[in-house]
Amino acid sequence: GNINMLDQGISRYDTAIPYLDTSSKRVSWMTQEATPVRTKTILKSFDIGEDAIIIHQDYILKEGKKRNGLYPFDFRRSDAGLIMHTSTFKNGHQTPTLETFDGTFKRRMNGLIDFEHNKKYVATGEEGSAIFMNKKAQKTGYRFKPSDNRLTVDAFRFLSADRVIFRESISKIWYADLAHGTVAPLTDMADTTSKPIYVNGKLAYAVSDGAQIEFHVIDLKK
């Protein structure tokens, strides 16, 4: 029941507010220390077993007319390891990349909206499509196209090695079986559907018609 402050900082020069990512053993985040001449990004975790904050890596981006260095946009750290979306700047040229720390996956990635991974797949959401790539084969295993190619796909939650849910726009949640290449709606279309949460075998999400909010919980263990 105690509340402990793990970290603190400030967002300056357009750096992002830290994104918190959780797994069964740790909570992870990155902080960015920005000045007019450089941005330093630090990747950290609080390990429950060790009861300590671990600093995994730091990156330096030199600011100026021609940027040089590496700038992490976002990351996800699950029980499958860490995957990060970065941009590498060299002599002013920018190369966006999505890659895992263990080297099993690396790909240039433009227009990325959201992503997630497990030990078998990398899921990426863009405007007009979601792609599920097999890590070992390094190729697309399944592609989902929303009802309109202007809609986005995000909020991937892996339920098992081959089963995943995700959100179309902010209106609908889908369920996909990647082993069989099938997809089915999990919810009806709504004015607003929240990003789903999946913890300890329970799936939770909220829907709103603009006037009221309903919370739904599905026990997948049953």
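Some points to look at:
This table checks each residue for (1) free of Cβ contacts under 8 Å to residues at least 12 places away in the same chain; (2) open to solvent by 50 Å² or more (accessible area, probe 1.4 Å); (3) small (Gly, Ala, Ser); (4) in a strand (DSSP E or B).
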position	(1), (2), (3), (4)
Gly125	no, no, yes, yes
Thr140	yes, yes, no, yes
Pro146	no, no, no, no
Ile170	no, yes, no, no
Ile173	no, no, no, yes
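- Asp79 vs. criteria of a type in the set (Asp, Glu) and open to solvent by 50 Å² or more (accessible area, probe 1.4 Å): yes
- Among the residues of segment 156-172, those identified as more than 19 Å from Asn134 (Cβ to Cβ) and either at pLDDT 95 or above or charged (D, E, K, R) (or both) are Arg167, Glu168, Lys172.
- Checklist (1) more than 16 Å from the chain's Cα centre (by Cα); (2) surrounded by 13 or more Cβ atoms within 10 Å (Cβ to Cβ) applied to Met133, failing item: (1)
- Every residue from segment 178-202 that is part of a strand (DSSP E or B), under 19 Å from Val217 (Cβ atoms) and either of a type in the set (Val, Ile, Thr) or touching a Cys at 6+ places or on another chain (Cβ under 8 Å) (or both): Thr192, Thr193, Ile197, Val199
- Scanning segment 182-210 for residues that are hydroxyl-bearing (Ser, Thr, Tyr) and open to solvent by 50 Å² or more (accessible area, probe 1.4 Å) yields Thr182, Thr192, Tyr198.
- Members of segment 25-66 that are more than 18 Å from Asp7 (Cβ to Cβ), surrounded by 16 or more Cβ atoms within 10 Å (Cβ to Cβ) and modelled with pLDDT under 90: Glu63
- Being out of contact with any strand residue (DSSP E or B) (no Cβ under 8 Å at 6 or more places or on another chain), open to solvent by 50 Å² or more (accessible area, probe 1.4 Å) and more than 23 Å from His85 (Cα to Cα) is a property that does not hold for Val217.
- Test for Glu99: is it among the acidic types (Asp, Glu) and assigned to a strand (DSSP E or B): yes
- Close contacts from segment 31-49, counting a first residue that is in contact (Cβ under 8 Å) with a residue 12 or more places away in the chain and a second that is part of a loop (DSSP other than H, G, I, E, B) and surrounded by 15 or more Cβ atoms within 10 Å (Cβ to Cβ), with Cβ to Cβ under 7 Å and a gap of 6+ residues or different chains, come to Thr31/Pro18; Gln32/Thr15; Ala34/Thr15; Pro36/Glu63; Val37/Glu63; Arg38/Glu63; Thr39/Thr15; Thr39/Glu63.
The values are calculated or read from the model by the stated rules, or taken from the named source; none is laboratory data. As the structure is a prediction and not an experimental result, all values here were calculated from the model. Reconstructed Cβ throughout: ideal geometry from the backbone, glycine too, with neighbour counts over all protein chains shown. In case anyone asks, the SASA skips ligands and DNA or RNA and just uses the protein heavy atoms, side chains included. Shrake-Rupley method; radii C 1.70, N 1.55, O 1.52, S 1.80 Å.
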